[in-house]
Amino acid sequence: MSPLCCWPPSHRLPSRSRWPRPSRPSTGSQEVNRIWRQRLERADYAVDRARRQYQLAEPENRLVVRELERNWESALAGRQQLGEEYDRFAAVRPRFLTAAEREQIRALAGDLPAVWQASTTTDADRKQLMRHLIEKIHVTVVADSERVTVQVTWAGGHQTDGEVVRPVSRLDQLS
């Protein structure tokens, strides 16, 4: 199917509202957003230019028209691919939390025992919570005995020390 005078619905470009807009980003993030906007604008311009060239071609020049149509399709495919790349980029990029989300996190952090014991908290949630809270665990066996010292370094630097008893394989390892 050859486009004649206007954009077929299948060749419509996404609205400019999908373009990245900085919202409280750092300077590096602003630069990345500016680069993405420029790349998307260049792709839009290339598609528009290819469309205009195709529409201005004389229908009698079939070879020229075919080449211009291929160029237009190529520009459309490139724009679509760039849009998909941006969507993937935006999906993995961390987003900023709203004030309400921050306040909700603070409220939950203030009452971790309730979060831990809630019936809606699964074991997987508890493991994920521990992965976020614990930075490092250092375990040391005391001599050749059943006693083990454990030092937990929490996110933020606080350390908790403790001693636990481990199972031993020989009776002479008991202290």
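In terms of its C-alpha gyration tensor, region 42-175 has a prolate overall shape, because the principal axis ratio a/c (a ≥ b ≥ c, square roots of the eigenvalues) is not below 1.5 and a/b outweighs b/c.
Close amide H partners of Glu135, meaning residues 5 or more places away or on another chain with modelled amide H under 5 Å apart, are Thr153, Trp154, Ala155. Applying the criteria of a DSSP loop state and at most 15 other Cβ atoms within 10 Å to the trypsin sites (Lys or Arg not before Pro) of region 136-175 yields Arg170. Inter-label distance, Asp87 to Ile137: 4.2 nm, where each label sits 7 Å from its Cα along the C-beta direction. Each Lys and Arg contributes +1 and each Asp and Glu -1, all at the Cβ; summed about the Cα centre of region 66-109, the dipole is approximately 240 debye.
Peptides 41-53, 105-117 ranked from most to least packed give 41-53, 105-117, packing being the mean of other C-beta atoms within 10 angstrom over each peptide's residues.
Positive contributions from Lys and Arg (+1) and negative ones from Asp and Glu (-1), summed over other residues with Cβ under 14 Å from the Cβ of Leu56, come out at -2. For Val165 and Arg126, the FRET efficiency from 1/(1 + (r/R0)^6), where r spans their Cβ atoms and R0 equals 30 Å, is about 0.80.
FYI, it's all coordinate maths here, none of it is from the lab. Keep in mind the model is a prediction, meaning the values are calculated, not measured. All Cβ positions, glycine included, derive from the backbone under ideal geometry; neighbour counts span all protein chains shown.
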